[in-house]
1. Can you classify chain B as rounded, prolate or oblate using the Cα gyration tensor, where a ≥ b ≥ c are the square roots of its eigenvalues, rounded means a/c under 1.5, and otherwise it's prolate if a/b beats b/c and oblate if not?
2. Calculate how steeply helix B:648-661 sits against the longest principal axis of the alpha-carbon atoms of chain B, using the helix alpha-carbon long axis, and give the answer as 0 to 90 degrees to the nearest 10.
3. Taking amide H atoms as placed 1.01 Å from N in the peptide plane, list the residues 5 or more away in sequence, or in a different chain, whose amide H sits under 5 Å from that of B:L193.
4. Let me know the Kirkwood hydrodynamic radius for the range B:298-424, please, with Cα pairs as the basis and the value in Å to one decimal.
5. Treating cross-link reach as a plain straight distance, find the aspartates and glutamates whose alpha-carbon is under 16 Å from the alpha-carbon of B:K628, omitting any fewer than eight places away in the same chain.
6. Specify the angular offset, from 0 to 90 degrees and rounded to the nearest 10, of the alpha carbon long axis of helix B:851-860 from the longest principal axis of the alpha carbons in chain B.
7. Sketch the reach of a paramagnetic label on B:S780 as a point 7 Å from Cα along Cα-to-Cβ, and name the residues of the range B:636-671 whose backbone nitrogen lies under 16 Å away.
8. Would you kindly enumerate the cysteines in chain A that have no other Cys beta-carbon under 4.7 Å from their beta-carbon?
Amino acid sequence: MFLINCPFCGEREQSEFKAGGEAHIKRPKQPTELSDDEWAEFLFMRKNIKGVQFERWNHAHGCRKWFNIVRDTSNDQIKAVYKMGEKPPVK
Amino acid sequence: MSKNLRFKSSKQVDETYRISFKFNNKTYYGYKGDTLASALLANDIHLVGRSFKYHRPRGIMTAGSEEPNAIIQLHDNTSRTEPNVRATEIEIYEGLVASSQNCWPSVNFDIGGINNILSPILPAGFYYKTFMWPKSFWEKYEYFIRKSAGLGKSPKEADPDIYEHKYIHCDVLIIGAGISGIMAAKISAKNGLKTLLVDEKSFLGGSTIYDNSEFSKINNQITSSWLEKEINEISKLENLEIKTRTSVAAFHGYNFLLARENLTDHLPIDQRENKIRHRLLKIRAKKVISATGAIERPLIFDNNDRPGILLSSAIKKYIDLYGVACGENNILFTNNDTAYETALSMVQRGIKVNAIIDNREDIDSKLSYEAEKNNIRIFKGYTVVDTYGYKRINGLSIMELSKDGQKVIGKKIRLSCDSLGVSGGWTPAVHLFTQSGGKLKFREDDQVFIPNKYPSDQLSIGSCNGDFSLEEITTNTVSSVKKFLNVNNTDYKTFEIITGINKSKRNIWLLPSDKILGKTKSFVDFQNDATAKDIKLALREGFRSIEHVKRYTTTGMGTDQGKLGNMHALGIISETAGTKMGEHGTTTFRPPYTPLTFGTIVGRNVGEFFDIIRRTPIHDWHVENNAKFENVGQWKRAWYYPKANENMHQAVQRESKAARDCAGILDASTLGKIDIQGTDASEFLNRVYTNAWSKLAIGKCRYGLMLNEDGMVYDDGVTTRLDENHYIMTTTTGGAANVLGKLEDYLQTEWPELDVYLSSVTDHYATISVCGPHSKKIISKVIPDLDFSDEKFPHMSFKNTKIGQVKCRVMRISFTGEQSYEINIQSNYGKSVWEKCMEEGKDFNITPYGTETMHLLRAEKGFIIVGQDTDATMTPIDLQMDWIVSKKKYDFIGKRSLYRSDTIKDDRKQLVGLLTENPEEVLEEGAQIVADIKKSPIEMLGHVTSSYYSPNLNKSIALGVVKGGKKMIGQKLIIPMENKNINVTVADPVFLDKEGERLNAKL
Ligand SMILES: [Zn+2]
């Protein structure tokens, strides 16, 4: 169980958080303009990398805020935590 | 018992405190401080169990948690009974009752022993190969195999003991209180670090604490005395917490560790009352130091598993610590110097050592000369090729090893013994290190895997790091701990070490025999009966990866995780395959290091604490009025209220009829309620619901359907506009938390520009729903000041009002199709308002109804229940709810998905009504729906989602989903059941009052 440094509350145990999948997938502004394939790309396609991954997390049993983390899925090391709307501080 | 195997003045055992215990229904005596194993050995009992596959007699083999054989059942036939307890770990107490496991009917006569004779036909993978196919065979064999294999008995009653969990945060956690752990603890605590030292044993000092030999000294003191002084000193340190009987079970990432502190297992049963038995420690340590020691390796030769064959180090421990000899005529078999320490310990106590068989040809150490001086015969360059004796070893034969160690040569010599100590060198206990993700490297010199890369802020010291000599341990522990903790000062200066041990070793993974391999039983995994032959067979059959060989042969798959034999398995694989050690992987050790009881894992989360129970403010009234309850998520909801001798069906029929003929009352407090405020609240609802919300007038209510982005129905409920920028949304009971989470997600991540605030207010309000043709009269009496006329208070509207002095909201909304009012009032007034409704409704036959009647009433109206009539594959179009999907709105969650190529197909499963040919026949929910039963395979068109007998329509009604069902109204379909086929007709899902006249019905 790893520790996550919630940008609003500080370091807390993983069990307080809920994972929300890949980060930086923006909901299209005009879904009706999209073809089936383009919509499916947004709806279904997600990366599942062994290595550095950008993820959404929610402090579900805390402040209920959503934020992003950069995590190496091979060893669970968290390289960065940043708020929604912010640019990832690492590549 | 005539034999005297107990010696006076041992360190651990208190000879003034005699303890009686029962093993296999016979009473024996031991002393306080004994383990069950040491007490049994003192009574000359070696045979304690049978092996898993061949049911060979097995004895105590070790003196620690690595024990593969001496597995017993503790506390026969009581609620505390516990299988798989290692006799080497359990401390005896007055009244202990234990029995052998893995044998049926008894340890001395075991039916499964026939497997030993049949063993030529029981090779590796035999169970997989034979019993898994054909399947019908497995069913026949299973009973016999399970019964004779015997993995112990689980208790049949609830566990009477108490368990708990505790969090611990520390600067430094040190695992293992042997010599290196003690030294590390002293350095850490004396430098001001908050330190926790844990050890699985009841005493501190590890194996060094009984190292009393003249040949082992630190700074001119006998090693054990030197260590005792150290222990004395650290026990006074303020920064140091010491926990004995505490074994670390798991070492996870981020230095998160789980340990079990055993608090009462060593106490007599009557002293355990009201005490916590095990405490699961959840430890977060900034730094972790593993000082977990090493485990002695056995040697792999023919019949190396007989009772009376022990690890050499275990024999030494039983002598030096417990004052118990394992036999009267001992032989040692070794490939290194440590067995000589055992020999000399025996000599010191006057125990006969018949011989030492040593693989090595050249032996040059103080200890070996001392052994020779004491007239012990040493067979240099020899190996054991066989052993004799069924329930106890009585002899063995040896032969000379060839120069390359691959063959045996010369004449066979037979020797007699009643105990054999084996030593194959030492394996660092790296289990926890690898659990944490650590990578190992192989050291060729002495053929051991040692820690290489640390995945977190941790360090391994002492013999678990491959430092086996006293010199290496003391010097390296000080230097590496100083560096690791970044401290300069320690009390340790230089060490003057005297030791008799020479490090030379002749490592042969599988010792040669004069027989062909196929005729030998050289056990590698003692608990699971995997032999060297099995491993070689697996390699011949094409397995290469250690993880595959392991599963195929079951090597290392027992409760001991192969702590003794895994290295030999790897060695034999690499020798046979001609590869380097570790090239095919090392086996992964998984938590827990030693088995945990379920009690420890669940802690206090048992009984009523197993899961949270949510009760409505009106719960007590339901209880007083004989309600039966059903679980809806964590909620307890009133299910139905049986009167006198009514069964469920009768009660539900009565409640349903009353709700339509007179009045019904329902506790709807569990429905999720979300308070929505902000200048963009209307826009927000527009985006999350399928229908339009901006034009909803203040004071009006509207039903809404919420989709996932994939177009599938997610939740539904009525939302009311309380004010310009203020709404209250209701959700399904089970969906409340998820809906709030989903809405927050969109607000925070997709639409942060919207000015909207959400609060869960589910628990803040009690919700009482009164329905039926008399509902208006009743509610008018409860709230006399409010105008309930249809003009002033029409269907789908709401009023702010008061009951007495208490503010409340009344909504006129209906889930039953009847005229219906819903009072929402501060929770703590819920019960009194409910009682007032009951009182005022008495003359109108007001009838409380539960969830079952609610479901029946809504089914008559064809109203869906999300999660019952839908799963995550139903769009609103599939539900025939096209009317609720706005065509005008530019966008809402899930809109684009409603016309994907997949969602517009005609043959999707669609919600329909089903009427049975025989109106008395009630369908089973979940039953399959088909059209043609002659076709093979029969095509499944759908299934029944809701089914009831309607007392208001006097017939059976059902809802179901059917492929292309919308166009099948009037068509006949079949519900095939076990004994019959039921004919049904597809119908409109609304069975009652399609025009909605009852919403305004007057009586
Ligand atoms: Zn937070």
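1. Working: a/c = 2.63, a/b = 2.19, b/c = 1.20.
Here chain B falls in the prolate category.
2. Long axis of B:648-661 versus the principal axis of chain B: about 30 degrees.
3. Amide H neighbours of B:L193, under 5 Å, 5+ apart: none.
4. Values: mean 1/r = 0.0699 Å⁻¹.
This gives a value of 14.3 Å.
5. By straight Cα distance, B:K628 reaches B:D620, B:E646, B:E655, B:D667, B:E852.
6. 50
7. Once the point is set 7 Å along Cα→Cβ of B:S780, B:663 turn out to lie under 16 Å by backbone N, inside the range B:636-671.
8. Isolated Cys, chain A: A:C63.
The values are calculated or read from the model by the stated rules, or taken from the named source; none is laboratory data. Here the structure is a predicted model, which means the values were calculated and not measured. A quick note on method: Cβ atoms are made from the backbone with ideal geometry, for glycine too, and the neighbour counts reach across all protein chains shown. Heads up: the accessible areas ignore ligands, DNA and RNA and are worked out on the full protein's heavy atoms, side chains in. Shrake-Rupley method; radii C 1.70, N 1.55, O 1.52, S 1.80 Å.
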